[in-house]
Structures are given as structure tokens and as C-alpha cells.
Amino acid sequence: MSEASLSAAKARLPLFVLTVFTGSLLLFLVQPMVARMALPLLGGAPGVWNSAMVVFQLLLLAGYFYAHLLSRWPVRRQALVHLALLVLAGVTLPLQLVDLPAPVPGWEVLWVPALFAATVGPVFLLLSAQSSLMQRWYAAGAEGRDPYRLYAVSNLGSFAGLIAYPFWLERAYAVSGQTALWAGGYALLVVLAALAAASRWNAPALAEPSTRAIVAPVPPRTLLLWLALAAVPSGLLLSTTTLLTTDLMAMPLLWVIPLAAYLLSFTVAFSAGDSIWLAILNRYAPVLLLMIGGLAMISGGQANPAVALAMVALLFVLAVALHGRLYLLRPEPTQLTLFYLVLATGGALGGIFAALLAPVLFDWVYEHPLLLLAAALLIPQAALVTRVGRYWQAGRRRHLIAAALVIVAALLAWRLAVAVEAGNGADIFLFVTAIVLLGVAVTGHRAAFAAVFALLLLGHGGVSTLALSANGARTRSYFGVYSITDVENGRLRRLNHGTTMHGEQWLDPARRLSPTGYYGPDSGVGLALRAAAPEARIGVVGLGVGTLACYRRAGQRWTFFEIDPQVLDYSQARVFTFLGDCAPQARVVIGDARLSLVEEPAGGLDLLAVDAFSSDAIPVHLLTQEAFATYGRAVADDGLLLVHISNRYLDLSPEIAAQARAGGWRGVRRDDPGEGAGLSPSIWIALSRDEAALDRMRGDRPGAWGPLPAPAAETWTDDRSSLLPLLRF
């Protein structure tokens, strides 16, 4: 390369860096923004993000395919076509959700992807192609340089977009403002892309790609390895996201954290190459996989925020190791678009497996340990002790010794499973430590390491988790994983959604209809229902196991609003009998409560209890100003609105107080300690537009209720809400 050409390349580099960064920033701003817009339509279900990610990955694949086809033309023709399509796609801005018919229950897994594809498809596809096209344009010409570093810039821009959304854009602007700002950013990108095209307009003809050029084909084995190295981190991204959003909450911040770790892994791997940092991560990745990944089959083990975040850290380390190996296998720039096309195909396959196939194939999040096991087979095997690593590569009897160590690990895993069943903490720690040390010892022997890791998974909760599935005690729907367990020596039957208890019932006939869980006689809702008039019209958002039905009295009319048909199946099959024994004539409406309540007659309810949770996450769209307006329409002027806000991670009281102030409600709060067998602590807020209604509810126990706290500074609306200020850090 001449000195003049080198100088020209350096001069153009900032323009290409800015163009690539801007395109990726916009691409990953739009993902949480559009998913946030869609949450209210699906009851705030955690699966919304995974469905969105599948669409984004498929559109990414389509974008890379488009870039791969376009790269066969001269840069000048590529630029004309790409710029024309960018301008044409701009007519769909500002973005707004396409008005599709409501989903049929059970078909949400297909309806949600269709919604996203129709809403954001054209601009997302073109933005997906932007990075690889810019790299190809930059590499064109005699002065072209290694374009793969621009891929690190691309992922840095993506990371910036993800961080900017929950911490800035979502908090600073309503959705309408967000889409307007994004449309302005898109217009800027079109200008930058035009400038980048102009800078390559006169690239030497000899440098253009030629259909007659002879390029050595990529071996099928290499193509399959590219696919696997891209698919496993992509699947792990979604399975890790499922763990976080199911047991914490469905919100952009918790979508962003795993995706940001995933994107940063590309930046580290594609900019570091064979640096010392990548070597260190490769060396310790197997150890972290054993120590953190070994928790992956404990049912409910990820409900602990520290464990959940450790899983995110593991995702980052594994993704760096796998993507680093992918970087080392990269082809020459002439096959750059093919490389990214295969990478996007692998990403889409991983997403389809985790988001579409796994919920149908498995009754639990088995995709997560399976993907970790696949990572164990693919990550670089760099032994902690170099001499041991060389032995696994060249020792004559290495396979026999490795097999012997695996047999020892199997014996320890059996003892570990027994200790887990007995709840013996000391033995669990001892056997887990021993298996981890064996795993470290065989690091460098890929098959033996994967076998030891699989045995650790089975022993450390895997056997009991598989037993629940074998017994038919667990089911999975679009809205989450449900499990039935009998506790208290088989006397109490419990329904868990994810890792959160959603209701329980005594199996003893004498106590079968006694209120349990968060709904005891002294809970806020228990006090309110006991004070309700004999002819009251009662509505309940969220059926659960039907515990509240046991408060029904003759003459009262009850309606339950439930989004998931699977929950109703438990009552209809008499797994739980509250509904069938106490309120057999109650009406059950399947669908999102907000949409269903709009169809109810105005003032048709004397009491409405909002008790809708997805695991421990309350759907935000049920707590917005528009939602409370819907409740206000459905509840009589002298009626009561009860809101259940028990939560491990959020203090929702200030937000409910803000909604009460905005809607003209008066309110009180009940903190019930839940003392007694089968009872749980709970927090309920009672609201009414009639002070006399609150007085009647309090009756002779006014001291049981306390005042609402100071209202939150911001009143949530469908257009603007953020959970960050309410998090219990």
C-alpha cells in the first residue's frame, strides 16, 4: 500500500466508524423501544422480549443476506440501491405498532413475531445490513484495510444503544417522543451512508468484487463450526433473559443486561484477537462454567438476584470465548459477507431454539443447561496447569485416565443428588467442590470436561428437576413455567409460577376451603371481601388457584379475568378446588384484563381486586393511568379497588399513591404479616372515590390499615413509565 493510499484510508476511517456506530446505535435502540410498546398487548409477559428477539435475529439474517447479495456488485451500484431503499423505508417512520387482530389464546408465540415483523421489518432489515456493507465498502480499493475491527465498533454502538434506552431515552421521553427522536437519527444515518458512499465512489475498478474471481470455498466443517459458535451464545442470551425476566420483572433494563453482555463479547473478541485478555478469559471460562453453570438445573435457583446476575457474567465469558474462537476462524475480506451471513444464521437458529422450540418441547427452561452443555463442548480448552493441558493433548493413556475420572465424578454426582434431596448443606458443598475440582483437572480433554459438567448438572438439582417433569407436575405456556408441588408433608398443595408461589390449598378436607397464601382472613383483600355486601358484584384480575373464591357468599356475582388458559385448567381439572367448590357459577373471562374490562358494563363491579403477576413481576400496563381509568369505569362510584403489590424487588406503593392522586381516589394500605400455617405476608392497597366505602371496609378494625406513602414524582402512563426509581437495590 502506498503512503498516499494509507493516508487516504486513515482519513476515511472516522467517517466509516461514525456511520457504523450510528447504524448499530439505532438498531439496538429500536429493539427495546418496540418491545416496550408491545408489552401492554400481551399482559406484560416476559416471553414478549424473546419473541421480539427471534424476529430481530431473523431480520438480521435477512439483512446480512441482502448485504451478501449486494456485495457482488460494484460499490457504486451497491450505494445507489442501498441509499434508495433506506429512503423508501423511511416512509414508515415514525414507528407505531401495526393494528393486528387480537391473538387467539395459545397462539401468542406466533402472533407476537408477526406484530414485530410488520411494525419494524423494513427499517430493521436495512439497518442490519448497514454494518457489513460499510465494512465491505471500506475494504474496497487498493487502500482497503482489515475491516473486521469495524465489527467491534458496530457492537460498541449496539451496546451504547442498549444502555441509552433504559437509562436515558425511556426515562426522559414518552414513547411518541422516543419514536420521533429515532426517526431523526435515521435521517442522520441516511446522510452518513451517502457520505460514505461518496468517499468510495471512485474506488479502482480492479478492486471491485468480480463474479469471475476464483475464491476457495469454505469447507463444510468450518461452516458448521461457524454456525455452532454463533448459535450457542445467541441461545444462551435468550435463556438467560428468560431467567431474569420471569423471576424479577419484564422491563427493558432486564432485557438490556444480557443483550449488552452478548454484544460486548463481540467487541472484546473481534478487537482483541489473540490478545492476553482473550487468553485469560479462555483459560478461566471452563472454571466459571463449572462454578456458575453448575447451578443451572436447580429449580428456582435463579430467583436469587445474585445468582441471576452471575449467570449474566457467565454468558459474557462464554460468549467471549466462543466468539473469540469464531474470530480466529474468520475468512479473508473477500468472503466477509458470507461469514456474517453464516454468523447471523447461527444467531437466528439459536434464537429459534430458545424462544420458539424450547417452550413447545420442554416443560421447564431445559434449554439453558442444554446450551451450557453445548458451550462446554465448544469453548477453547485451556488448562489452568499448562503441563496437564499438554498431557491431555498427547498422553498415551489420556483417554483411559479421563474415563476413570469421569466415573469418579459420576459416583460423586450420585452422592450429591442424595445430599440435595436430604437438604444436607455441608455434603452438598463438599460434593460440588469435589466435582468442580475434577472438572478443572480434565480441562483440556473436551469430551471428559463436558461429561463431568453434565454430571454436575444432574447431581446439583438436575435429578429432582427431571423428576418433577417425569411426574407431570410441571407445565409451560407462553406466559411462563408452572409447577405443582405438595409441601408440609404432603398436606399443602402449591402452585409456583417460575420461582414465585402463586397460591396453595390444604389437602385435608377439613381445611380444604380455608384461605391461604397472600389471601388470608387478615390480608387486605380478605378484610375487604368479608366486609362486602351480600349482593356485591365482585371482579378479580388473576385467577391463580382460585383462593379468593372461598370468600364468595350466596347472592354475590363473581367474575375472574385470567390471561393464561393453563391457569384455568388447574381449577377445571380440580387440581385446585376453590373455584369449583366455592364459586362454581363464577364467570371466567380469558384474555388480558384491561382489554376484557373495557367490554364490561360501566359501574358494573362493587369490588375489583387486581392480583395479576407473572412470577414475581407485576405487568406494568396494569398500573398505568390508562389502566386505572379502565378500573374506574368498571367500578361503581362507591365501589372498592384492591391492588396487590407484594414484591421482592419493587416498592410499588409510591406509584399507586401517584395514580390515586391523579385519578381522584382515596386510599389506605394493609401490610399483613401472614402469621399462621399456610399464610404468607402480603401488601394490599384499597382505593375508592368514596371515603364512606373505605370506612365501611375498615369496619371495627381501622387500625389494620395505614396511610399511603408520598406519591411518586412521575405518574405512569402507557406512553411513559420506568421501574428504575422503584427498584429495591
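The values are calculated or read from the model by the stated rules, or taken from the named source; none is laboratory data. If you're wondering where the values come from, they're calculated on a predicted model, not measured in any experiment. Ideal geometry is used to build each Cβ from the backbone, glycine not excepted, and the neighbour counts take in all protein chains shown.
Side notes on the structure shown:
- Looking only at the stretch 578-631, and only at residues there that are in a helix (DSSP H, G or I) and β-branched (Val, Ile, Thr), the one that is nearest to Ala662 (Cα to Cα): Thr630
- Meets criteria (aliphatic (A, V, I, L, M), under 19 Å from the mean Cα position of the chain (by Cα) and at pLDDT 85 or above) for Leu59: yes
- Conditions (1) modelled with pLDDT of 85 or more; (2) farther than 30 Å from Leu361 by Cα; (3) surrounded by 24 or more Cβ atoms within 10 Å (Cβ to Cβ): number failed by Leu162: (1)
- Of the residues making up the stretch 159-194, those that are aromatic (Phe, Trp, Tyr) and either touching a Lys or Arg at 6+ places or on another chain (Cβ under 6 Å) or without any contact (Cβ under 8 Å) to a residue 24 or more places away in the chain (or both) number 1.
Yes/no matrix, rows are residues, columns are (1) aliphatic (A, V, I, L, M); (2) under 24 Å from the mean Cα position of the chain (by Cα); (3) modelled with pLDDT of 90 or more; (4) not in a helix (DSSP H, G or I):
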{"residue": "Pro94", "(1), (2), (3), (4)": "no, no, yes, yes"}
{"residue": "Val98", "(1), (2), (3), (4)": "yes, yes, no, yes"}
{"residue": "Pro103", "(1), (2), (3), (4)": "no, yes, no, yes"}
{"residue": "Val112", "(1), (2), (3), (4)": "yes, yes, no, no"}
{"residue": "Leu115", "(1), (2), (3), (4)": "yes, yes, no, no"}
{"residue": "Val123", "(1), (2), (3), (4)": "yes, yes, yes, no"}
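- Unique residue being within 18 Å of Tyr570 (Cα to Cα), aliphatic (A, V, I, L, M), surrounded by 22 or more Cβ atoms within 10 Å (Cβ to Cβ) and in contact with a strand residue (DSSP E or B) (Cβ under 7 Å, 6 or more places away or on another chain) when the list is Val545, Val525: Val545
- Screening the candidates Leu579, Leu543 for the property of being modelled with pLDDT of 95 or more and in the same structural domain as Ser646 (by TED's automatic domain parsing) yields one hit, Leu579.
- Residue within the stretch 177-195 that is modelled with pLDDT under 90 and assigned by TED's automatic domain parsing to the domain that holds Phe21 present: no
- Scanning the stretch 516-550 for residues that are over 30 Å from the mean Cα position of the chain (by Cα) and assigned to a loop (DSSP other than H, G, I, E, B) turns up Thr516, Gly520, Pro521, Asp522, Ser523, Ala532, Ala533, Pro534, Glu535, Ala536.
- Within the stretch 490-513, the set of residues being crowded, with 20+ Cβ neighbours inside 10 Å and acidic (Asp, Glu) comprises just one member, Glu504.
- On the stretch given as the stretch 565-577, residues that are surrounded by 14 or more Cβ atoms within 10 Å (Cβ to Cβ) and in a helix (DSSP H, G or I) total 6.
- 2 or more residues more than 26 Å from the chain's Cα centre (by Cα): qualifying strands (runs of 3 or more DSSP E) within the stretch 459-505: 480-487, 492-497
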